[in-house]
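Take this structure first; my questions come after.
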Amino acid sequence: MKKWIKITLISLGSLVALLLVVFAVACWLIFTPAQLTKIVNNLSNRYVTCDTHFGSVNLTLFKTFPDAGVDIHDVWMVNPIQGAPSDTVAYIHDLVVGVDIREFIKNGNIVVRKICLDGVDANLFTSSEGQHNFDVIALADSSQLSDTTAFRLPEEVSLNSIKLDKVNGSYTDNQLGVRASLEDLEMDLSGSLLGESIDASLLMNIKKICYTQQDSVGADFIDCEASDVSVDVSSDGSFNNLQGRLQLSLPKGQFSMQGVAYVNDALASSSDDLLSIDIPFNYSNGSLSVDGAQLGLDQLKLSLTGRLQASSDVSYPSLLDADFSVSKVSVQDLLPYLPPQFAGFCSNMTIKGDVALSGHVEGGVGDTNVNVSYIGCDLMVQDGSFADMSMLPKPLRNISADVSAQLYLDSSATSVVNVRGLSATMGSSKVNLEGSLSDVLGQMNLDVRGTGSLQMVDVMSFIPDTMPLDVRGTAQLKLSAKATIDQLSQLDLNHIKLESNIDFNQLDVAYGDIHAISPALHLNLHTSAQRPVADKHCVVAAALLSDNLQLKMPSNQVDAKLTGTQLAVNLPDFSNLDKPIAAAFKLVMERTNVGVDSIGMDAEQLELNGSVRYDASQNDLIASINPNLSVTLGRTLFFMPDMPEALRMSSMAFDYKPGSCRLNDFNLHWGESDYHLSGSVLNLEDWLAHKSVLKADISLQSNYSDIDQLLSLISGMGSDPDTIEQMRREDDVPADAAPFIVPRDVDVTLHTNVKSCVAFDNKLSNLAGNISIRDGKAILDQVGFVCKAARMQLTGIYKSPRPNHLYLGVDFHLLDIDIEELIDMIPYVDTLVPMLSSFSGQANFHLALEGYLDAKYAPKTSTLLGSAAISGKELVVLDNETFDKISSLLMFKRSTRNVIDSLDVEMTLFRNKMEVYPFLFSMDKYQVCASGIHSLTGNYNYHVELLKSPLPLRLAVDVKGTMPNIGISLGKVVYNELYNPAKQDAIKQRTLEIKKMVREALESNVR
Amino acid sequence: MIMKPAYLLVLCAIAAVLLWAGCSKDKDKSPKFSESNLIGKWSSGTEFWRYDADHSGRTWDTADDVNEDDETTMRFAWSLDGDQLKHVFSGDEVHQAVAQYYTVKVLNATTLQWDDGLEVVTFTKVKVD
């Protein structure tokens, strides 16, 4: 540098320095603190509406060097408003404002470079009427407000430092119910904005912040408090490429909302900061990006990387695109920090496990809200456990979950939640689930598959102890289900796709007295939406299969071994229980023992096929279950009360459906008797309900039958035992009498074919014919049999209107029977026809008789009405006193052969009197005609007349008297010679009538 | 030789007697009774008979636990011809037609007496309240 230039510069510099000193001294002399204070107070009265007082105003160079500054002390602003906590709006202990002196000197403008506040107390208040105590700035003239030019950021922001120290403040807003306070705020904001370049740094420390907001009724809605809050924000760069960092530290604090304290004691006493935020950011070309931002809530750390980019959307001018992740955290470490309300809810829970969460979020950000368009996240749970005896009987262990979700909140794509794995162990049981929930924001389609290995002991732990159920064994479970959430919530089984298979092993079930054991049992459950159900009316089908199932019920003596069990149950939609429930089954029982109410069954082989269809709308039991059965029984023993001997059944097969039972094969042995039955039974259920007549048409074949035993079995069938007992009492039935009571309300026809039988102590053989029981009538329709080598045919009707008044009507036809055996078989014949005992040989006997019997089957004589016929050839007249006397009076020769060539007698019976119509018989060379009447008590009045003899005489004998005092004397001859009594033919006529009436009785309804 | 004609004479006499005895005399001297007296209920001990005007009737014996209104009373149709009272019974289920004849001895407003061939039975009319 040249010397003259140097000297010139030094000279000018000295001159400038001198001028500055002169200017300073002049300012000091002119702008004294008193003058300045006065000026400021005057100015404040113009611009501030409240009472304002400035204690002192000084110029300073040192506090603001190189700028000139104003140092103001003790500023008071007083604005009393009713209800305000203080009349003082603000008090500032010290205010320093630095001013650019060059700009002031050069252009006369006051440009503030620095502001320092030290010791501030502010009390801001808004009344419930909306009046503010800080509304103290005087409004400018309207003309001054007419400047409508757009605000433009100055090219250079001159303020480069703001410092606050010891700032305390409070804000009360009675209109919003807000109270806030600030204690000991320190802030240092420094930086510069020059053109497109900004360099700023903010450090702020607050000792305490409080905020309270009340709801409309005056209760605390939000109440929060933070201590030792530290904020550090720095940025550097141009507007188009700005880097910065935001750090916030909140070591202590409280936060409660609606009475719920979200920062409990454990969280408050944690050594870590309650809340920490560290966000490095980069703003470039309208895009704000963060990379590795950390948000910490105590031990819970959230990492965030993403960006906020400008968009053309007016509503949401910024687009958010960020990844976040939560570090692996132990659930048990977080639980203590739960609010007391939630902590109480889970106070009995023991929860452990590690949880990790990561995800991605996209959306638009507006001025006041965020429109998230996509959220994707992955949740991992490991080594979890859960125990709460009030919810689960046993702890859940080894809980692990791997769940991901893609939620398109803007519906640009289908949202889905995928459960890649969810497993847990309880006791010795383990369950695994996987699946997805698609269209999460729509109808939510659930598709889940699961497997399980279950110990029934663990399953039983869910069953209340009060239920007498105990299940042992294991089960392997496979499950798949597809449904929407609505379908699940509504239990819409018509559309839920469900398939479940359970394989039970070593199953041992005890329910009360019922005990079921199976080494292997398979259960399938599926809905009609998954695959068709057999019953079109049903939507759920359950099928149970087992090759080995043992059922026991000791109290009822049930012991059944099922070697083939197929049970299928079809269920209707639960939303409409009026629809029938159907069950089809096939049971094969190898050995079955059953005993109920003294009725026992011991079956070696029982096969049961069929179905039931439960209809709740039906009141009647049979109608409500609507069974359709096909039953096959092998060798079986039946034990029934009042039966000294068991019923032994070699086989039985029948088909049953409502209203009809088809007996295909029924081989039964009872004592010495054997029965083979086949046929059909109708109206069984209505008959049991006393609504209809039981109808049966059965073919009975037997090699040997004990008819008496059979009658005792069916006696009174269908009648109430109490009613029968009452009838016996009312009818004075002797205790030792057991009359057969014809079952009522039954219409049964037995087509019998019995080789031999015993009936009323008589041995019969080759019994064949129809036996019907029809509403109180037992009808034998031309039943043929052989007794004592005689062929017999019996048609009869038996009724039991009263136990001691029994009706019997018979048409009894015996062919070629030995008279002696006839009397031996039916002793009453000797009473009816006493003369019969005087003959010996083969005879035909035909008796049509009806009347009433007492309870011991003794005839009531006054009710008897009948007719009889006896015919025979070559009958031998037995020697007796009566015959000898008659033959003597008729002058029979000694040598007369006592053989009757033929005998044909017809007679009628009314009450106790038997009238014998005139009949002829020949003996040797004699022909005799006889007729008469006798009583069953032995009173006789007979006439015997000799029509033809070797003698030329007509002789007659009258036999009169009461046995044994019979008077036999010669009587008048009343018949012409060669008299041939006209055939009465009464028997024939009456027999035809009897048969006609029996046929009518069989063909007509019971009357 | 003397005895032979006597013997034959005796035999002839006996034959004559027998032939005379064998010839019946068909004389109808039986009394006639009025049916109107028969209508009503008659009893003999526990045995009851009831004759209705339509020629139907019923009979029962209370000793056998049968009463008038009982369905099990025996029913019959009756006719009275001279002194011959005819009963035609029909059974309950086995519809037998059994006819019984009685010879009426007495029939008036209070007494009925008949002979059934074995014995004579007397009935007293039962007054109906």
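Reachable aspartates and glutamates from A:Lys38, Cα under 20 Å, same-chain residues fewer than 8 places away excluded?
Of all the aspartates and glutamates, those that pass the test against A:Lys38 - Cα under 20 Å, at least 8 places apart if same chain - are A:Asp51, A:Asp71, A:Asp74, A:Asp94.
Quote the charge dipole size of chain A about the Cα centre in Debye, to the nearest 20; the model charges only the Cβ of Lys and Arg (+1) and of Asp and Glu (-1).
3180 debye
Hey, another quick one. What is the percent of Cα-Cα separations in segment A:504-577 that go past 21 Å?
It works out to 41 percent of all Cα pairs.
Residue by residue through B:70-83, how many Cβ atoms from other chains fall within 10 Å of the Cβ on average?
Mean shielding count: 2.
In addition: To the nearest 10 degrees, how steep is helix A:33-47 against the longest Cα principal axis of chain A, on a 0 to 90 scale?
40 degrees
Hey, can you grab everything whose amide H is under 5 Å from the amide H of A:Ile741? Only 5+ residues off in sequence or another chain; H modelled, so Pro and N-termini drop out.
For A:Ile741, the qualifying residues are A:Gly716.
Further question: Pull up the DSSP beta bridges for the protein assembly as shown and report the antiparallel fraction as a percent, rounded to 5.
Counting DSSP beta bridges with both partners in the protein assembly as shown, the antiparallel share is about 95 percent.
Enter the accessible area per residue of chain A (Å², integer; probe 1.4 Å; all protein chains in place).
Numbers: 53510 Å² over 1007 residues.
For chain A, the solvent-accessible area averages 53 Å² per residue.
What number results when the radius of gyration of segment A:362-437, computed over Cα atoms, is divided by 2.2 N^0.38 Å?
1.53
So, by mean Cβ neighbours within 10 angstrom, what's the order for A:908-916, A:305-313 with the highest one leading?
Per-residue Cβ counts within 10 Å, averaged per peptide and sorted highest first, yield A:908-916, A:305-313.
Tell me which of A:Pro468, A:Tyr211, A:Gln131 sits at the most positive position along the dipole axis of the protein assembly as shown, charges placed on C-beta atoms (Lys, Arg +1; Asp, Glu -1).
About the Cα centre, the residue reaching furthest to the positive side is A:Pro468.
Viscosity 1.306 mPa s, temperature 10 °C: what is the translational diffusion coefficient of segment B:35-125 from Stokes-Einstein with a Kirkwood Rh over Cα pairs, rounded to a whole number of µm²/s? List each step's numbers first, then the result.
Working: Rh = 13.4 Å.
The diffusion coefficient I find is 119 µm²/s.
Also, I was wondering about something else. Keeping every protein chain in place, order A:Cys757, A:Cys377 by accessible area at 1.4 Å, biggest value first, i.e. largest first.
Putting A:Cys757, A:Cys377 in descending order of accessible area: A:Cys377, A:Cys757.
Give, in whole angstrom and from largest to smallest, the semi-axes √(5λ) of the equivalent ellipsoid of the protein assembly as shown, with λ running over the eigenvalues of the Cα gyration tensor.
137, 33, 22
Also, I was wondering about something else. Viscosity 1.306 mPa s, temperature 10 °C: Stokes-Einstein D of segment A:619-746 from its Kirkwood Cα radius, in µm² per second?
Stokes-Einstein gives a translational diffusion coefficient of 96 µm²/s.
Output ³J(HN,Hα) for segment B:53-70: one whole-Hz value per residue in order, computed from phi by the Karplus curve 6.51 cos²θ - 1.76 cosθ + 1.60 with θ = phi - 60°, and x for Gly and Pro.
Along segment B:53-70, the couplings run 5, 7, 6, 10, x, 8, 9, 7, 10, 5, 5, 9, 6, 10, 10, 4, 7, 6 Hz.
Over the Cα atoms of segment A:900-973, how large are the radius of gyration and the largest Cα-Cα distance (Dmax), in Å?
Values for segment A:900-973 (Cα only, Rg and Dmax): 13.1, 41 Å.
On a 0 to 90° scale, report how tilted helix A:3-30 is relative to the longest principal axis of chain A, with both axes built from alpha carbons and the result rounded to the nearest 10.
Helix A:3-30 and the main axis of chain A meet at about 70 degrees.
Additional query: Share of chain A's accessible area from carbon and sulfur, percent, 1.4 Å?
Reported share for carbon and sulfur atoms: 56 percent.
With only alpha-carbon atoms counted, please give the Rg and Dmax of segment A:225-366, in Å.
Cα-based Rg and Dmax for segment A:225-366 come out at 18.1, 57 Å.
Here is a further query. How large is the helix-only mean residue ellipticity at 222 nm for chain A, computed as the sum of -39500 (n - 2.57) over DSSP H runs with n ≥ 4, divided by its residue count, in deg cm²/dmol to the nearest 500?
Helix contribution divided over all residues of chain A: -4000 deg cm²/dmol.
For the protein assembly as shown, with the dipole built from +1 on Lys and Arg beta-carbon atoms and -1 on Asp and Glu ones, taken about the Cα centre, which of A:Ser931, A:Ile72, A:Ser270 lies farthest toward the positive end?
Working it through, the farthest residue towards the positive pole turns out to be A:Ser931.
Percent of accessible area on segment B:35-125 owned by carbon and sulfur, 1.4 Å probe?
Carbon-and-sulfur percentage of accessible area, whole number: 45.
I would also like to ask the following. From the phi angles alone, apply the Karplus equation (6.51, -1.76, 1.60; θ = phi - 60°) to segment A:488-498 and give each ³J(HN,Hα) in whole Hz, x where the residue is Gly or Pro.
Once rounded to whole Hz, the list reads 5, 5, 8, 6, 7, 6, 5, 10, 6, 8, 9.
Rounded to the nearest 100 Å², what is the buried accessible area between A and B, both sides summed, probe 1.4 Å?
2900 Å²
Sticking with this one: If I model segment A:323-374 as equal point scatterers sitting on the Cα atoms and use the Debye formula, what is log10 I(q)/I(0) at q = 0.19, 0.21, 0.22, 0.23 Å⁻¹?
Normalising to I(0) and taking log10 leaves -0.77, -0.80, -0.82, -0.84.
Report, in listed order, any pair from A:Lys873/A:Lys913; A:Lys430/A:Lys497; A:Lys114/A:Lys166; A:Lys885/A:Lys960; A:Lys63/A:Lys163 with a Cα-Cα distance greater than 22 Å.
A:Lys873/A:Lys913; A:Lys430/A:Lys497
Right, here's the next one. Residues with amide H under 5 Å of A:Tyr656's amide H, sequence separation 5 or more or different chain, H placed in the peptide plane at 1.01 Å from N; which?
A:Leu629, A:Ser630, A:Val631, A:Arg662
Take peptide A:804-814, look around each residue's Cβ out to 10 angstrom, count Cβ atoms belonging to other protein chains, and average those counts.
That average works out to 2.
Report the local net charge at A:Lys552: Lys and Arg +1, Asp and Glu -1, summed over other residues whose C-beta lies under 9 Å from its C-beta.
So the environment of A:Lys552 carries a net charge of -2.
Once you average over the residues of A:858-869, how many Cβ atoms of partner chains fall within 10 Å of each Cβ? Write down the numbers at each step before the final one.
Working: counts 0, 1, 6, 3, 13, 10, 2, 10, 4, 3, 0, 0.
So the per-residue partner count for this stretch is 4.
Placing +1 at every Lys and Arg Cβ and -1 at every Asp and Glu Cβ, with all other atoms neutral, what dipole size does segment B:35-125 have around its Cα centre, in debye to the nearest 20?
I would put it at about 400 debye.
Place +1 on the Cβ of every Lys and Arg and -1 on the Cβ of every Asp and Glu in segment B:35-125, take the dipole about the Cα centre, and give the residue among B:Thr73, B:Thr46, B:Ser56 whose Cα lies farthest towards its positive end.
B:Ser56
The values are calculated or read from the model by the stated rules, or taken from the named source; none is laboratory data. As the structure is a prediction and not an experimental result, all values here were calculated from the model. Cβ atoms come from the backbone with ideal geometry, glycine included; neighbour counts cover every protein chain shown. For the accessible areas, the whole protein counts, side chains as well, though only heavy atoms, and no ligand, DNA or RNA atoms are used. Shrake-Rupley method; radii C 1.70, N 1.55, O 1.52, S 1.80 Å.
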